[in-house]
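The numbers here are math on the coordinates, done by the rules we state, and not lab data. On a predicted model such as this, the values are computed, not experimentally measured, just so you know. Every residue, glycine among them, receives a Cβ derived from its backbone with ideal geometry; neighbour counts consider all protein chains shown.
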Amino acid sequence: MIVAIASDHAALELKAELVRWLGEQGHEIADLGPHSEGSVDYPDYGYRLAGYLSRGEATYGIALCGSGVGIAIAMNRHPDVRCAQVAEPLSAALARSHNDANAIALGARLVGPEMAKACVAAFLSTEFLGGRHQRRVEQLSHPKLTEETA
């Protein structure tokens, strides 16, 4: 399993901590940046991570910014990405089991390193349940637009 991770400048420290911890857990990690403290734009790194997932270069993605919101929005602009912003392990597990999320987004200003690790651990250890959830997941990438939903 390859886990790709990207952040903006606000989450640089959390990214470094998660990269170290994921390596200790035996995961192969693709650190997509940034690699310095200068200000960067979270959409650039969200799009980079989304492309990496879409091309199959990683199994799962971890997206980080100050709140987790902006980078999640950027990630979800890609039809092959299902990125859930999470702040605790239950949401991370449900994102996998019910939504087949292939990425999670965390806010470095909202969750500390230990909670972030707990979220990532729950996310990576949970399997998609399929079944009744499969139809809904397919609709995320291929919406059925009707008069009521358009």
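Summary table
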quantity	calculated
Residue match in the range 81-101 (condition: buried (at least 18 other Cβ atoms within 10 Å of the Cβ), on the phi > 0 side of the Ramachandran plot and within 13 Å of the chain's Cα centre (by Cα))	yes
Output for the range 99-142, where each listed residue is in contact with a Ser or Thr (Cβ under 6 Å, 6 or more places away or on another chain) and among the β-branched types (Val, Ile, Thr)	Thr126
Residue within the range 35-46 that is over 21 Å from Arg136 (Cα atoms), outside any helix (DSSP H, G or I) and among the β-branched types (Val, Ile, Thr) present	yes
One residue from Val69, Val40 being closer than 19 Å to Arg109 by Cα, of a type in the set (A, V, I, L, M) and exposed (fewer than 15 other Cβ atoms within 10 Å of the Cβ)	Val69
Out of Gly33, Gly61, sole residue that is surrounded by 15 or more Cβ atoms within 10 Å (Cβ to Cβ), farther than 23 Å from Asn99 by Cβ and either within 13 Å of the chain's Cα centre (by Cα) or not basic (Lys, Arg) (or both)	Gly33
Tabulated pairs, the range 96-116, first in contact (Cβ under 8 Å) with a residue 24 or more places away in the chain, second part of a helix (DSSP H, G or I) and charged (D, E, K, R), C-beta under 6 angstrom, 6+ apart or interchain	Pro113/Glu17
Subset of the range 1-16 [outside any loop (DSSP other than H, G, I, E, B) and surrounded by 17 or more Cβ atoms within 10 Å (Cβ to Cβ)]	Val3, Ala4, Ile5, Ala6, Ser7, His9, Ala10, Ala11, Leu12, Leu14, Lys15
The range 108-143: number of residues that are surrounded by fewer than 10 Cβ atoms within 10 Å (Cβ to Cβ) and within 23 Å of Ala50 (Cβ to Cβ)	2
Output for the range 47-77, where each listed residue is in a loop (DSSP other than H, G, I, E, B) and either of a type in the set (D, E, K, R) or touching a Ser or Thr at 6+ places or on another chain (Cβ under 6 Å) (or both)	Arg55, Glu57, Arg77
Lone qualifier among Tyr45, Tyr52 - being in contact (Cβ under 8 Å) with a residue 24 or more places away in the chain, surrounded by 24 or more Cβ atoms within 10 Å (Cβ to Cβ) and over 11 Å from the mean Cα position of the chain (by Cα)	Tyr45
